[in-house]
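Here is the structure we will look at, set down as structure tokens.
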Number of protein chains: 2
Amino acid sequence: MSHFLLGVLGGMGPLATVDLLQKIIEETPADGDRDHAPVVAWNVPQIADRQRALAGSGPSPLPALLAGIEQLNRVGASHILIACNTAHHWYDQMAAASHAPILHIADATTQALRQRPAARIGLIATQGTLDAGWFQRRFAGLGSATLLPRPAEMADWFVPGCYAVKRGELRMGGEFFDRLAAALVSRGAEQLVLACTEVPPGLAAVESSYRALSLDATRALAHAAPCLWIDYRDNNQLHTRLSE
Amino acid sequence: MSHFLLGVLGGMGPLATVDLLQKIIEETPADGDRDHAPVVAWNVPQIADRQRALAGSGPSPLPALLAGIEQLNRVGASHILIACNTAHHWYDQMAAASHAPILHIADATTQALRQRPAARIGLIATQGTLDAGWFQRRFAGLGSATLLPRPAEMADWFVPGCYAVKRGELRMGGEFFDRLAAALVSRGAEQLVLACTEVPPGLAAVESSYRALSLDATRALAHAAPCLWIDYRDNNQLHTRLSE
């Protein structure tokens, strides 16, 4: 590999992308600016709603996703992260169109879960992500059963929580997500996987106590990316050379 | 103008860029994702230190700045913001090389100051920004005198505060900046202008009381950008069309 540049396909929503960028910085051990990964972020929210597209009630986001992938490749991204769980529904089409490899958020999450075994994992995600089964299959591979939200919990808490965060009403969104987390724990979840990028900023805004039981898929992705960067940086002695 | 895309030239440091992206979102009235401005951010911290270059003790960041400007133009940025006050030292060279106009952070700050008249403004910025005089000249145009940090305050508080934030030690940085703010206020500053992007995250981390007296140049820039976007969005009826 001749160079390193993390491309972030974002905009879904814009705040979730900023959350990922912040977490990439937090997850990188650094003595100064130049120890951090170089990142280019395509944070363009003019894209069709993923949840509505998968529910059959709206247009496909695929053309806008492919346009973002094309632009990230054009400026030389060497690896791509997608700052939206649900958008991974179109992962295969994006990977086929991308010169740069795309890290899958469910793979990064599974890697992080290996450190935190649990018999029963509560999964908080959009209906599209739940239906796709990426997370459930990977949890089963780790020997964990998945507890899903009930339809009424999705309609009454998850969906309005997501759209509240997207409107900037983080506390309102967090209160909905906190109720959903409580319901999953009351049904036996020992751990929660927050597999929708709107959820962690919402739960943080209300300082939800369920964060202690939660694995944040955004943070897992943010952790996987600097691991690649640190390997590259140290193999190329960039840390020393750039810090002169 | 055929399209709208905000380009953010960042990486100086990476956290300051995330702070600008967050503030662009906060400054945009929005009912949902698609009401937010489309943004592409070049957050590449592998660039020579601006403070050291201007002090004559390090290489120039100009080649890396121009490379970032070129990439932002390549992906179609229609307007560019620079997430670093000190980098505006090379504003003319960047503007000459950019098809997209570049907003000047001192112009955005001056615009915001019109709502907050003050006889004496304390200016917190790098030595390079202080020496350049952009802010002082604009404050004089508003009828305000500028109070500058003393050399010992720069050496003992400002510079270590900046590098602490760049290392991720936000509270340590904030404590240094809080002392500097106190010194400027004790000498008669009625208002402070935080004209270095590392300062607002530091002061926020220690919940500094001086934030109430402070105008954050990053936020002023973040406010100017959505104003352009909202004009474009509403003139093109994007709000209605995209929210269908």
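The values are calculated or read from the model by the stated rules, or taken from the named source; none is laboratory data. Here the structure is a predicted model, which is why all the values come from computation and not from measurement. Counting neighbours? That spans all protein chains shown, and the Cβs are built from the backbone with ideal geometry, glycine included.
Observations
- Of all the numbered requirements in (1) facing chain B (nearest Cβ under 9 Å); (2) more than 27 Å from B:GLY173 (Cβ to Cβ); (3) not small (Gly, Ala, Ser), A:ASN43 misses one, and that requirement is (2).
- Within the range B:125-143, tally of residues that are touching a residue at least 60 places away in the same chain (Cβ under 8 Å) and either in contact with a Ser or Thr (Cβ under 7 Å, 6 or more places away or on another chain) or closer than 15 Å to B:LEU194 by Cβ (or both): 5
- Filter pass, B:LEU6 being facing chain A (nearest Cβ under 7 Å) and either closer than 23 Å to A:ALA67 by Cα or surrounded by fewer than 24 Cβ atoms within 10 Å (Cβ to Cβ) (or both): no
- In summary, B:ARG120 fulfils each of the numbered conditions (1) touching a residue at least 12 places away in the same chain (Cβ under 8 Å); (2) surrounded by 18 or more Cβ atoms within 10 Å (Cβ to Cβ) with the single exception of condition (2).
- Every test in (1) within 20 Å of B:THR197 (Cβ to Cβ); (2) of a type outside the set (Ser, Thr, Tyr); (3) touching a Lys or Arg at 6+ places or on another chain (Cβ under 8 Å); (4) facing chain A (nearest Cβ under 9 Å) is passed by B:LYS23 save one, and that test is (4).
- Test: residue in the range A:15-24 that is under 16 Å from B:ALA41 (Cα atoms), crowded, with 16+ Cβ neighbours inside 10 Å and in contact with a Cys (Cβ under 9 Å, 6 or more places away or on another chain): yes
- For B:ARG52, the criteria (1) closer than 18 Å to B:PRO200 by Cα; (2) assigned to a helix (DSSP H, G or I) hold in every case but one, which is (1).
- A:GLY32 being within 7 Å of chain B (Cβ to nearest Cβ), out of contact with any strand residue (DSSP E or B) (no Cβ under 6 Å at 6 or more places or on another chain), small (Gly, Ala, Ser) and surrounded by fewer than 24 Cβ atoms within 10 Å (Cβ to Cβ): yes
- Being of a type in the set (D, E, K, R), in contact with a Leu (Cβ under 9 Å, 6 or more places away or on another chain) and either within 12 Å of another protein chain (Cβ to nearest Cβ) or crowded, with 21+ Cβ neighbours inside 10 Å (or both) is not true of A:ARG211.
- Residues of the range B:143-183 satisfying the condition of being in a strand (DSSP E or B) and within 19 Å of the chain's Cα centre (by Cα): B:THR146
- Any hit, the range A:184-191, residues being modelled with pLDDT of 95 or more, out of contact with any Leu (no Cβ under 8 Å at 6 or more places or on another chain), not in a loop (DSSP other than H, G, I, E, B) and not assigned by TED's automatic domain parsing to the domain that holds A:ARG50: yes
- For the range B:2-33, a tally of residues being free of Cβ contacts under 8 Å to residues at least 12 places away in the same chain and basic (Lys, Arg) returns 0.
- Among the numbered conditions (1) at pLDDT 95 or above; (2) in a helix (DSSP H, G or I), the only one that A:LEU228 does not meet is (1).
- A residue that is closer than 21 Å to A:GLN127 by Cβ and crowded, with 24+ Cβ neighbours inside 10 Å occurs nowhere in the range A:93-102.
- For the range B:9-20, filtering for residues that are assigned to a helix (DSSP H, G or I) and facing chain A (nearest Cβ under 7 Å) leaves 3.
- Only listed residue being buried (at least 16 other Cβ atoms within 10 Å of the Cβ) and modelled with pLDDT under 95, chosen from A:THR197, A:THR146: A:THR197
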